[in-house]
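What follows is a short report on a single structure.
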Amino acid sequence: MTAPQRDADEGSTDGLHSSSERYEQGGKDLCKAFQGKYRVAVAILVRLILLVHSVLAVWLVVSLTDRTWLWMLLGVNLLLVLETIFTLAKRGGRESKWICPCFVAYLAAVLPPIWLVEMDRLNRYNDALDKSNNLTSLVEVNGLTVPIRLEPEVWVSVMEQTLLFLLVLCRWLLPRGDISRHELSQLLFVFMGIASDNMELFELFDEPEVRGDRVLTYVVLGVWSLSLLQFVFVLTATKNTLKLRGVQPAITAARTRQKKKKHGVCEFMFTTEIWSLLFSVVVQDGPYAATRIYTLLTYDLLTYSIIFFICKNLLVISLVFYRLAIICVERCIDDDDDEDDDDDDDSVTQNGGGRTVPSRNKTLLSGARVEPAPVPMTLFNRNTDSF
């Protein structure tokens, strides 16, 4: 084969490679563009669902209380609209890793109507409206009625339960953002458990003594609203840590240990699930147990449900502190191992223009090489992540 023929063959091969690379890059760009548009569409859809539900909540409170001025509560939804614009413009529809801003705006819009409805139920407790004048459908608002025949108590329960289901469903539909699929799947299971516990608290209203106590009603609603903050934060999010210890260079290991000592508390809190465990106790299990114990002692309500849920809350709190103790012990063991590694490893220093390396893999001046000691398998198997 002559030189011109070889050059022509090489040129055709290069042309094929370049064209295939262009096609591959074009496919990647098309896929990325589709993912971006899909992410934006899903982000808008989720916020529309939340907006519709908050509007229905205001509609419900206006219908049951006959106070048209409560339509002013719709103005709070402006926060959700502004959050949507900001998320689409600045983040391209991606959600934050640690917090869900759209849930903050949604809860700010939907909680006031639910509070007003519960206060209306309190005012009408044991009244003729609930006994003889059972409302069979929502009253007409601007010429529009809902053809579903339900009592007011059922309407309120439906609104409260759909709120919790929407929080779980919308978190599933929202773009993942900076959290991994593993963290998202864990978060959804956590949300389902939280939603179940939240609805159990309203069983206190089944007791006539609780329903007739205005102060205790405020306490129950306040504790319930506080527990909803768990849906705002991503409880399974943790800071990234190095997975394999013992295989990183000595310099990197030393710097990592120095950084741990410098930021020990912050790293300890946010590289493990400690912050989420403490948060769940502070905003849910602790207040729930205190509210039920107060109800038990004040009204002497020795019912099965109250006793069961008090035992459940106390057991959960005990398990949380047991888990915290395990994490702290593991942390102490890791710190001791880091100190042992500091004693075993030689520091990297400059010596007459030459560099000394860790003693485990040292090259002699004569040129003879000493084989490095095998790394124990426990260094690879040790899991520094708490999950």
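The values are calculated or read from the model by the stated rules, or taken from the named source; none is laboratory data. Remember, it's a predicted structure, so these values are computed and weren't measured experimentally. Cβ sites come from the backbone with ideal geometry, for glycine too, and all protein chains shown count toward neighbours.
List of remarks:
A quick yes/no check of all residues on (1) closer than 27 Å to His182 by Cβ; (2) out of contact with any His (no Cβ under 9 Å at 6 or more places or on another chain); (3) modelled with pLDDT of 50 or more; (4) not in a helix (DSSP H, G or I):
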| position | (1), (2), (3), (4) |
| --- | --- |
| Trp275 | yes, yes, yes, no |
| Arg292 | no, yes, yes, no |
| Arg323 | yes, yes, yes, no |
| Arg360 | no, yes, no, no |
| Pro374 | no, yes, no, yes |
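- Selection of first residues in segment 191-213 that are closer than 16 Å to Val283 by Cα and modelled with pLDDT of 85 or more and of second residues that are of a type in the set (Gly, Ala, Ser) and in a helix (DSSP H, G or I), restricted to Cβ pairs under 6 Å at least 6 apart or on distinct chains, gives the following pairs, ordered by first then second residue: Asn198/Ser227.
- Of all positions in segment 174-186, at least one carries a residue that is on the phi > 0 side of the Ramachandran plot, outside the structural domain of Leu277 (by TED's automatic domain parsing) and at pLDDT below 80.
- Of all residues in segment 297-313 being modelled with pLDDT of 90 or more and of a type outside the set (Val, Ile, Thr), the one that is surrounded by the fewest Cβ atoms within 10 Å (Cβ to Cβ): Leu297
- If you filter segment 37-56 down to residues that are more than 15 Å from Val104 (Cβ to Cβ) and charged (D, E, K, R), you find that the one that is farthest from the chain's Cα centre (by Cα) is Lys37.
- Test: Asn126 is on the phi > 0 side of the Ramachandran plot and at pLDDT below 80: yes
- Residue match in segment 258-269 (condition: more than 18 Å from Gly286 (Cβ to Cβ), among the polar types (S, T, N, Q), assigned to a helix (DSSP H, G or I) and at pLDDT below 85): yes
To keep it simple, each residue is scored yes or no on (1) assigned to a helix (DSSP H, G or I); (2) not β-branched (Val, Ile, Thr).
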site	(1), (2)
Trp155	yes, yes
Gln161	yes, yes
Leu166	yes, yes
Asp178	no, yes
His182	yes, yes
Val190	yes, no
Val210	yes, no
Leu221	yes, yes
Trp224	yes, yes
